[in-house]
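Following: one structure in structure tokens, then a few remarks.
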Amino acid sequence: MMAKGISTEELDKLTEVELAERLKEAKEELFNLRFSAVTHRLEDSGRLKEVRRNIARIYTIARERELGIRTAPTAKK
């Protein structure tokens with residue numbers, strides 16, 4: 001399971017492969033949370049929002065790296 005509210009700084013330290021792995025985990029968790037919500041077994045409704053935000057953060061960092069706004073850990077300042 002992913003840590004609660006992953007920070008942009010934490011994500012910034014990850015390699016492309018790790019970032020993709022985090023995205024996969026987050027999407028799986030989101031799927032499971034949605035399923036729980038539909039079957040009325042979701043205790044922590046705030047977690048849905050949190051996971052969606054984590055996914056958005058991951059996409060943002062990946063996109064910024066593509067555009068050269070952000071660099072992958074190998075090319076640290």
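The values are calculated or read from the model by the stated rules, or taken from the named source; none is laboratory data. Remember, it's a predicted structure, so these values are computed and weren't measured experimentally. No Cβ is skipped: glycine too gets one built from the backbone with ideal geometry, and neighbour counts run over all protein chains shown.
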Handout entry: Selection count where residues are exposed (fewer than 12 other Cβ atoms within 10 Å of the Cβ) and hydrophobic (A, V, I, L, M, F, W, C), scope the stretch 20-68
Key = 5
Practice task
State all residues of the stretch 23-50 that are small (Gly, Ala, Ser) and assigned to a helix (DSSP H, G or I); if no residue qualifies, say none.
Solution key: Ala26, Ser36, Ala37, Gly46
Exercise for the section: With the condition kept exactly as written, say whether any residue in the stretch 51-73 is part of a helix (DSSP H, G or I), in contact (Cβ under 8 Å) with a residue 40 or more places away in the chain and of a type in the set (Asp, Glu). Expected result: no
Practice task
Taking the residues in the stretch 1-35 that are modelled with pLDDT of 90 or more and small (Gly, Ala, Ser) as candidates, determine which candidate is nearest to Glu66 (Cα to Cα).
Solution key: Ala20
Completion exercise
Of the conditions (1) polar (S, T, N, Q); (2) surrounded by 11 or more Cβ atoms within 10 Å (Cβ to Cβ); (3) modelled with pLDDT under 90, the single one that Thr74 does not satisfy is (2)
